[in-house]
1. Sort chain A into rounded, prolate or oblate with this rule: let a ≥ b ≥ c be the square roots of the eigenvalues of the Cα gyration tensor; rounded if a/c is under 1.5, and if a/c is not under 1.5, prolate when a/b is larger than b/c, oblate otherwise.
2. Under a 10 Å cutoff between Cα atoms, tell me which one of B:Leu279, B:Leu130, B:Leu258 has the largest fluctuation in the Gaussian network model of chain B.
3. How charged is the neighbourhood of A:Met153? Take every other residue with its Cβ under 13 Å from the Cβ of A:Met153, and add Lys/Arg as +1 and Asp/Glu as -1.
4. How high is the relative contact order of the range A:13-105? Use alpha-carbon pairs under 8 Å, at least six apart in sequence, and give a whole percent.
5. What FRET efficiency, computed as 1/(1 + (r/R0)^6) with R0 = 56 Å and r the Cβ-Cβ distance, is obtained for B:Leu226 and A:Glu127, rounded to the nearest 0.05?
6. Charges only on Cβ, +1 for Lys and Arg, -1 for Asp and Glu: so what's the dipole of the protein assembly as shown about the Cα centre, in debye to the nearest 20?
7. Above 51 Å lies some portion of the pair distances; for the protein assembly as shown, what is it as a whole percent of all C-alpha pairs?
8. Quantify how strongly other chains surround peptide B:190-202 by giving the mean number of their Cβ atoms within 10 Å of each of its Cβ atoms.
Amino acid sequence: MPEPRRNTATLRQEDVLSALGAAVAAFCLTALVFYWIAPFTGVLGFMVCWFLAFLGLFAALVWLDRDGPAVRDRLVSVVVHGIAILLLSALVFVVGFTIMRGFAALVHPNFYVEDLGVTGPLDPLSEGGAVHALIGSLEQIGLALLITIPTGMLCAVFLAEMRGPFPRLVRTVVEAMTALPSIVAGLFIYATVLLMLHFEQSGLAASLAIGVMMLPIMVRAADVVLRLVPGNLKEASLALGASRWRTAWHVILPTARPGLATAVILGTARGIGETSPVLLTAGFNKAINADAFHDPQVSLPLATFMLIKSPQSSMVARGFGTAALLLLLVLLLFLIARLIGGRGPQDLTARQRRARARASARDLARYQRRTPPTTPIAVTEEVQ
Amino acid sequence: MTDTLVMPAVTAEAPEQRRRVRPSGGVDRFYRVVLRLGGGLVLVLMTLVGVFLFQKAGPALKLAGWSFLTTEAWEPESGRFGIAAVLVGTVLIAGVAILIAVPLATGMALYVSEYAPRGLRRILVGLVDLMAAVPSVVYGLWGFAFLQGHVIGLARWLATYLSWIPLLEVTGADPRDPLATETVYTSSTFIAGIVVALMIAPVICSIMREAFTQAPIGEREGAYALGATRWGMIRSVVLPFGRGGMIGGTMLGLGRALGETIAVYLIISPVFVIQPHVLQNGANSVSALIALRYGEAGEVALSALMAAGVALFLMTLVVNFGAAMIVARSRSGAESDS
């Protein structure tokens, strides 16, 4: 008689059933005690009591036919699952709440094409919009990226490629500056660019503040990605006679490209959502100002921050709309980052692998054309 | 009987045998110079920020002396200012945030690395990263517009039944009075702490997860082979292995919590006394102070704000370097560059 196949699944039927039973029993018990016997109200308190009763009943059910360690194991498993659900639902709730409250403003098409320059505090949502903040955000982050990408990437390659005391010093300083609170970065630009150099509050000052904050974050992320490039790839390139510069340009950077793109995009998402440096440096403007170098220019987070403190409900709704717009922008950036950089170096999709195979076949054909087939490469046998 | 090693005669007659490879040509030398310039530029920029902050903070520190650390009020124009109140407020908010965030992050990291089905793992990692990328103003908005009103019940419950714990006391509220106003529970350190906790939990979680997933498979299977349950395996293999990552991640989250501005600024109502009652209306933090007072034009006021900023920076710096050191020294961090 053949031995029956063992069930190695980690999800056991009895556990699922006892969890379900415990959940139902705990719900009924809590409903009875919470609302009928004890004078309590509130959804939050109910949920907490329900979970606690569930834990107790579940432990009792497991304990009926298992021993102590198994009971502890099942209890921890349930608690961990509960925490995961709690944290994820908090995320969904924060995002959903913002988009839901912003929906009233988002459904009006004028929200995407008009500014608030001539919109009074009592005007309905069918007038005025947030395009001025959108323009400001894009210009400021664009300027900041224009500064940080070249310097940041250069510095990251420097850190990954060079050895010795100097790169170590730079790495330490960069790591120290990742701790710089964003408000202090804003204060720095406020004190230097605005007060000492007498520039006016403008998009440029805001982008400088964002840049100061973003640069160390980006350098650090890019450095980590570059150091993940396998050493044998570099060595192979150098052994084939390529110079260090060619190795960097043709081997290291292409290998690390998805990771670098992810580092840049995540840095962008972080920079575009920062309010505090912009609060100190950009000023506030209700109208479109496409010129980042003169006059105050508002960005999406700053507009949210200003609008939300208004007493008028339509302005508050616009604030939520702006926040939702910002959130959607960050979501978009994040999705792009996932699409580009979800895989590590050398981990190719089927399509990329086919493309590599085709390129390899072309190379082979090229070599064969170059070496006449009549004279095969001589293989000489050397001494042992 | 000693063996003597004889150096083989070096190729004086055949100089062609060992050709020294020149380390770099002209292009390479240029490449190195450019790289060094890039590194130097970033170094100069970053040092400039630091040095400038310290230099600007100097006058205020000289004016206030040691009382800068002990004064609670913030009146730079009359020379009476200090960071005692805001520093304590910052630490309290960050402390509440850490207390809430660490259990959440540990549970989530364990779920992702140990419990979640394999197919779900990548999505979950993405969601946690997304949670870290949500702008702080959105969290602040949620705390300001939603949480503020819904957490009062919890705050009142805590204040009523746990007020024997010194930090949870609320003065000026009578829990037996059904008509008492509830504003005493709003805009508190507690609410700001909850919001900041949601912001830092994903940061802590991703570092913990990184450490947990690196726990060696051999030791895991060894634990199972000795008859451990899943929790037994986690407790004896995964958690000890990831301890460095747990501590480092927590400290990194603490650094973020200390520097958080906008979410805190939106929620608290600033007070300039040391407010140890976390559930009670009124709180403050260094970053909120800067956001509140930067517009005051005076030379001394700005210098004083710089000094407060420097104090905050030093605090986050110590925390971050401590975190980096702990992660690097731990077993899980030794092989990775986190």
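1. It comes out oblate by the Cα gyration axes.
2. Of the options given, B:Leu130 has the highest mean-square fluctuation.
3. Values: positive: A:Arg220, A:Arg257; negative: A:Glu161, A:Asp223.
Overall, the nearby charge balance is 0.
4. Contact order relative to length: 27 percent.
5. Details: r = 71 Å, r/R0 = 1.27.
So, using R0 = 56 Å, E works out to roughly 0.20.
6. 2540
7. Here the long-distance tail beyond 51 Å is 22 percent of all Cα pairs in the protein assembly as shown.
8. If you average over the peptide's residues, the count of other-chain Cβ atoms is 1.
The values are calculated or read from the model by the stated rules, or taken from the named source; none is laboratory data. Because the structure is predicted, anything quoted here is derived from the model rather than measured. With ideal geometry, Cβ positions are generated from the backbone for all residues, glycine too; neighbour counts draw on all protein chains shown. Calculation scope for accessible area: heavy atoms of the full protein, side chains included, ligands and nucleic acids excluded. Shrake-Rupley method; radii C 1.70, N 1.55, O 1.52, S 1.80 Å.
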